[in-house]
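Colleague: The structure's right below; bear with me while I get my questions together.
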Amino acid sequence: MESTDAIAALSALAQPTRLDTFRLLVRTEPEGVAAGELARLMDVPQNTMSTHLAILTRAGLITGERQSRSILYRANLDGFRELTLFLLKDCCGGNAALCAPLIAELTPCCAPEEGVS
């Protein structure tokens, strides 16, 4: 990821409605949410939500797919992963031991359940 791409993504997330929308889309993966439903859930006018979704899409954080008369939005987890890795790449000057607490804190959300193969 280039610095300009990371800046665009971070700028997109530096607004409360867009941050909350992105977090909602991450929670609803892989189903996604229709644009109108997002506007209702976030309690913002549809045209305002449309602007927010366009900014998040240009930043590479979400994708939209037309389904019939609506657009279904999903979090772009690959784009989010790239952004996270970009931010962590030089974590603690390359000293992995210093990053261990951060990684350990993130692991419980993503660790596979025991007994699942």
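Colleague: Show the residues, 5+ positions off or on another chain, whose built amide H is closer than 5 Å to the amide H of Ala34.
Modeller: For Ala34, the qualifying residues are Tyr73.
Colleague: Something else now. Check which residues have an amide H placed less than 5 Å from Ile62's amide H, if you skip close sequence neighbours.
Modeller: Result for Ile62 returns Thr57, Asn76.
Colleague: Any idea what Rg and Dmax come out to for the range 3-78 if you just take the C-alpha atoms, in Å?
Modeller: 11.5, 37
Colleague: If you don't mind, there's one more thing I want to ask. State, to one decimal in nm, how far the label point of Ser50 lies from the label point of Glu65, with both points 7 Å from Cα in the Cβ direction.
Modeller: 2.3 nm
Colleague: Of the trypsin sites (Lys or Arg not before Pro) in the range 46-91, which ones lie in a loop per DSSP and count no more than 10 other C-beta atoms within 10 Å?
Modeller: Taking the range 46-91 and a limit of 10 other Cβ atoms within 10 Å, the loop trypsin sites (Lys or Arg not before Pro) found are Arg69, Lys89.
Values in this text are rule-based calculations from the coordinates and carry no lab data. The structure displayed is predicted, hence computed values, not measured ones. In this analysis, Cβ positions are derived from the backbone assuming ideal geometry, glycine residues included, and neighbour counts consider all displayed protein chains.
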